[in-house]
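To start, the structure under review is shown below, and the notes come after it.
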């Protein structure tokens, strides 16, 4: 594997075991001392960096005494995975936008290249205790995005996350689960089978070393990676205090597209998504809306068109003649011509055309609408006063 040398890779693996995800203080040490220098200082009791609180430094040193990076690297190899460092070909450069909070490294399981699948990726996040509506929308969005060649990224949690992963897998699409634990830990336990499928066909990604278990803080920090990795974040369903709103805040801060799906106004699980739509998120309804925002220039959603009705197929001048006929009762060609602002001869020609199409019928020397007028029903109401 190209990229950092073995000593740097070992140091980063050690620091991934010692430091908590998103620790900006450690991130600044890495920038000042480098991975090897930071690890040696912790491991060997080197001089404490400037601005490092004593208790914090002591706690990290305590963890460092128990770190076994060689064993962690051997473990990820046994799992068929790898440890990615900044500078590796597979490292997604967009994670660098996190600055000092950038991951020290990433433990990855799965056959895909993380950098490649993240090029066209969207995060689908939302409530764990989602409604049937939320699960349905998440699965439908994920399926449609996967069919368009987009990678679906989420957190493998209950609810919206799980539905998004399953939707992508259902059509053979690519999906990435960013975990708040080691890639060998099945959390939640009931998602063991789902996590196995993702590892076989997509990617499991974690900042935590193998064997590490989730905590509340690790879930929160995980969300920043989801936001940074993708082109945009879609909040499918979220209450006012949903954790998915943390992902939304990270996406906005990082300059990523922020989107939300509207839900029933009577549902408390829609309140968070609706607040985002009112303030900073773009309302999206389907995969086409998402791709139009997050995709390349020119990937536009198809223009929405109502159902075609016979009236829509008429030439504009013919439609004007039809509109000039009174809603009830017959009219002469001259009266119709006056209403359509055309000549009587032209009106007569258009009326004959309309007669062949079943819109009008002749009564002696006058014309009237057919009883089975094939125009859209709403038009009758709109024209009710034409002949009044």
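Considering each of 68, 75 in turn, give the residue that is surrounded by 17 or more Cβ atoms within 10 Å (Cβ to Cβ), modelled with pLDDT of 95 or more and within 19 Å of residue 207 (Cα to Cα). One residue alone meets the criteria, 75.
In the range 185-207, the qualifying residues are those that are more than 12 Å from residue 108 (Cβ to Cβ) and touching a residue at least 60 places away in the same chain (Cβ under 8 Å), and the one that is farthest from the chain's Cα centre (by Cα) is 200.
Which ones in the range 160-174 are crowded, with 24+ Cβ neighbours inside 10 Å and assigned to a loop (DSSP other than H, G, I, E, B)? Selection gives 174 alone.
Scanning the range 163-184 for residues that are within 22 Å of the chain's Cα centre (by Cα) and within 21 Å of residue 224 (Cβ to Cβ) yields 164, 165, 175, 176, 177, 178, 179, 180. Modelled with pLDDT of 95 or more and over 22 Å from residue 20 (Cβ atoms): does that describe residue 115? Yes: the conditions hold for residue 115. Scanning the range 211-242 for residues being touching a helix residue (DSSP H, G or I) at 6+ places or on another chain (Cβ under 7 Å) and surrounded by fewer than 18 Cβ atoms within 10 Å (Cβ to Cβ) gives a total of 2.
Let's see how each residue does on (1) modelled with pLDDT of 90 or more; (2) within 17 Å of residue 310 (Cα to Cα); (3) loosely packed, with under 14 Cβ neighbours inside 10 Å:
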position	(1), (2), (3)
325	no, yes, no
332	yes, no, no
340	no, no, no
346	no, no, no
355	no, yes, no
362	no, no, yes
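Looking at 86, 49, just one residue is surrounded by 16 or more Cβ atoms within 10 Å (Cβ to Cβ), in a loop (DSSP other than H, G, I, E, B) and without any contact (Cβ under 8 Å) to a residue 60 or more places away in the chain, and that residue is 49.
In this structure, does residue 177 turn out to be in contact with a strand residue (DSSP E or B) (Cβ under 9 Å, 6 or more places away or on another chain) and in a helix (DSSP H, G or I)? Spelling it out, it is not the case that residue 177 is in contact with a strand residue (DSSP E or B) (Cβ under 9 Å, 6 or more places away or on another chain) and in a helix (DSSP H, G or I).
Out of everything in the range 183-219 that is assigned to a helix (DSSP H, G or I) and touching a strand residue (DSSP E or B) at 6+ places or on another chain (Cβ under 6 Å), what residue ends up being nearest to residue 74 (Cα to Cα)? Here the residue is 199.
The single residue among 37, 22, 3 that is in contact with a helix residue (DSSP H, G or I) (Cβ under 9 Å, 6 or more places away or on another chain), outside any helix (DSSP H, G or I) and surrounded by fewer than 17 Cβ atoms within 10 Å (Cβ to Cβ) turns out to be 3.
Residue 216 meets the conditions (1) at pLDDT 95 or above; (2) under 18 Å from residue 101 (Cα atoms) in every case but one. The failed one is (1).
The values are calculated or read from the model by the stated rules, or taken from the named source; none is laboratory data. Quick caveat: nothing in here was measured; it's all calculated off a predicted structure. Here Cβ is always computed from backbone atoms with ideal geometry, including for glycine, and neighbour counts include all displayed protein chains.
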